[in-house]
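One structure is given here, and the rest of the page talks about it.
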Amino acid sequence: MQTHPYRCQHCSLALPDQRSCPDCTEQALHLNKIVAAFDYTHPLDSLLMRYKNGLQFGLAPAFAELLYRQLQYLQILPITNSCLIPVPGSRSSLVRRGFNPAAEFAQQLGKKLQLPVEHFVLRRHEHHLKQSSLSRQARRAASAGLYYCSRRIDIPHAILVDDIVTTCSTLDNAAQALRAAGVQHIDAMAIARTPDTFI
C-alpha cells in the first residue's frame, strides 16, 4: 500500500490530514482491523477493474502477493487458527462477470496464508440496491441487513475478504452476520481501499 502520512489505524483509510476517519467515527464497526494491498487510485484502479470486469483471473495471485507483502510489512504474519470468508456478490454480478472477484482473490490469498477458505457460510439477500451507484451515507443505509449466515459458526477468528473497500459498510454488515452466527473475532482484508475523496 502506498506510503501516506495520515491513515486510519483501524480501517486503513488514507486521509488528507489528521482529521478523524469518517468511516470509523460515523459508525461503530463490528470488525477489528481492515488491511488492503493498495489504495484504489491511478494506475492500480484500472488494473483492478481489468480483473473485475475483464475476466483477467491471472491478476488474483498478484493481488494476493501484494497483500501478503503488506501483512509482512505490518508484522501481522503468521496468522493461525483462522479462516477466510469472501464477501458474496449479488446474483446479477455473478451472472454478468461469471465469477466473484472477492472469492477468487480469497482462494489465492488462502494459498499464500495457508488458511482455509469458507465459501458458503456467508449469504447475501438479493433485494438491495447496487452500491457503486450510491453516496457514502446511502451505502451505509442500503447495506443494512444485506448478509446472513447459513449456519452456526463456532470459530474464534475469521477474516472477511473483499475486493474494494469504500465506506466499510459492506464489511461491517457482513461482520454483524458472522458475529450473530458465533464468530468471536473478525478482521478484514481487501485488494484495495478507496481514499477519503472517492465519494
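The values are calculated or read from the model by the stated rules, or taken from the named source; none is laboratory data. None of the values given here were measured: they were computed from a predicted structure. FYI the Cβ positions are ideal-geometry reconstructions off the backbone, even for glycines, and counts take in every protein chain you see.
Numerical summary
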quantity	calculated
Selection within segment 14-59 - part of a helix (DSSP H, G or I) and closer than 26 Å to HIS185 by Cα	PRO22, ASP23, CYS24, THR25
Whichever residue in segment 93-105 is touching a strand residue (DSSP E or B) at 6+ places or on another chain (Cβ under 9 Å) and not polar (S, T, N, Q) and, among such residues, is surrounded by the most Cβ atoms within 10 Å (Cβ to Cβ)	PHE105
Condition broken by GLN108, with the remaining ones in (1) modelled with pLDDT of 95 or more; (2) of a type in the set (S, T, N, Q); (3) surrounded by fewer than 19 Cβ atoms within 10 Å (Cβ to Cβ) satisfied	(3)
Residue within segment 24-41 that is small (Gly, Ala, Ser), within 18 Å of PHE105 (Cβ to Cβ) and either touching an Asp or Glu at 6+ places or on another chain (Cβ under 9 Å) or buried (at least 18 other Cβ atoms within 10 Å of the Cβ) (or both) present	yes
Meets criteria (of a type in the set (Asp, Glu) and over 20 Å from GLN72 (Cβ atoms)) for ASP39	no
Within segment 83-114, considering residues that are touching a Leu at 6+ places or on another chain (Cβ under 6 Å) and among the small types (Gly, Ala, Ser), the one nearest to GLU126 (Cα to Cα)	ALA106
Selection from segment 67-126 of residues that are hydrophobic (A, V, I, L, M, F, W, C) and in a loop (DSSP other than H, G, I, E, B)	LEU74, ILE76, LEU77, ILE79, CYS83, VAL87, PHE99, LEU115, PHE120, VAL121
Residues located in segment 110-119, provided they are on the phi < 0 side of the Ramachandran plot and touching a Pro at 6+ places or on another chain (Cβ under 9 Å)	GLY110, LYS111, LYS112, LEU113, VAL117, GLU118, HIS119
Lone qualifier among ALA180, ALA144, ALA138 - being modelled with pLDDT under 90, surrounded by fewer than 23 Cβ atoms within 10 Å (Cβ to Cβ), assigned to a helix (DSSP H, G or I) and hydrophobic (A, V, I, L, M, F, W, C)	ALA138
